Amino acid sequence: MSDERRFFRGFGVSFTQMFKKVTTEQYPEEKVPTQPRYHGRHQLNRHPDGLEKCIGCELCAWACPADAIFVEGAPNTEEERFSPGERYGRVYQINYLRCIFCGLCIEACPTRALTMTNEYELADSTRAALIFEKQDLLGPLLPGMVPAPHQMVPGTTETDYYLGKVTGAVAAQSAEAEARKLGTWTGPQADEEVTA
């Protein structure tokens, strides 16, 4: 094949591409949802009554190939209980300047305390803002959850929590008991107690 034919053949490829539909995404004006299994920002999960699932075992930190996770465990006490087990994660940090979003920390977690969300917008103006602390990573309090520290649901053990036997209904009873203890319960039975 002559050089001239190669030359025009190359231009032919460019010319045909000019009339194809543009596939450029108009981010951030138009945000396309991610795939369900996308690995985004981490989240520390809670049990249905609000206790934290993290037991401070530090396995996620050991599994991280980028050394992006720092965990410092501490023992639970009867006065201050943050998780159903003996320990909880007192300090939990993820450095998103180092994280490579590989998901090995998720696989290493024995209690499914750490999962990854679909959130991917993590840019910030300072390096310090990209080191997420425990309060930044904890999942939201859903209806029926009570913020830790508080006692386990009456009549349950830590094994019940790990086996998933603490349900929303039981958690609501725990929330009611905690609110009564604090004197903030405003449910229907509170009116009966006042009138009785």
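Throughout, read-outs are computed from the coordinates displayed, never taken from laboratory work. Since the structure is predicted, the reported quantities are computational estimates derived from the model, not experimental observations. FYI the Cβ positions are ideal-geometry reconstructions off the backbone, even for glycines, and counts take in every protein chain you see.
Tabulated results
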{"quantity": "Where trypsin sites (Lys or Arg not before Pro) fall in DSSP loop in the stretch 9-52, at most 13 other Cβ within 10 Å", "calculated": "LYS20, LYS21, LYS31, ARG37"}
{"quantity": "Equivalent ellipsoid dimensions for the stretch 21-99 as semi-axes, Å, which come from the Cα gyration tensor, largest first", "calculated": "35, 17, 9"}
{"quantity": "Student exercise, the stretch 42-183 dipole from Lys, Arg, Asp, Glu Cβ charges, in Debye to nearest 20", "calculated": "120"}
{"quantity": "Distant-in-sequence amide H partners of PHE82 (H built 1.01 Å from N, under 5 Å)", "calculated": "THR77"}
{"quantity": "DSSP-loop trypsin sites (Lys or Arg not before Pro) across the stretch 88-132, with at most 13 other Cβ within 10 angstrom", "calculated": "ARG112, ARG127"}
{"quantity": "Radius, Kirkwood style, for the stretch 47-162 when every pair of distinct Cα atoms is counted (Å)", "calculated": "15.1"}
{"quantity": "Loop sites in the stretch 1-78: chymotrypsin sites (Phe, Trp or Tyr not before Pro), DSSP, at most 12 other Cβ within 10 Å", "calculated": "PHE19"}
{"quantity": "Net charge over other residues, Cβ less than 11 angstrom from the Cβ of LYS31 (K, R count +1; D, E count -1)", "calculated": "-4"}
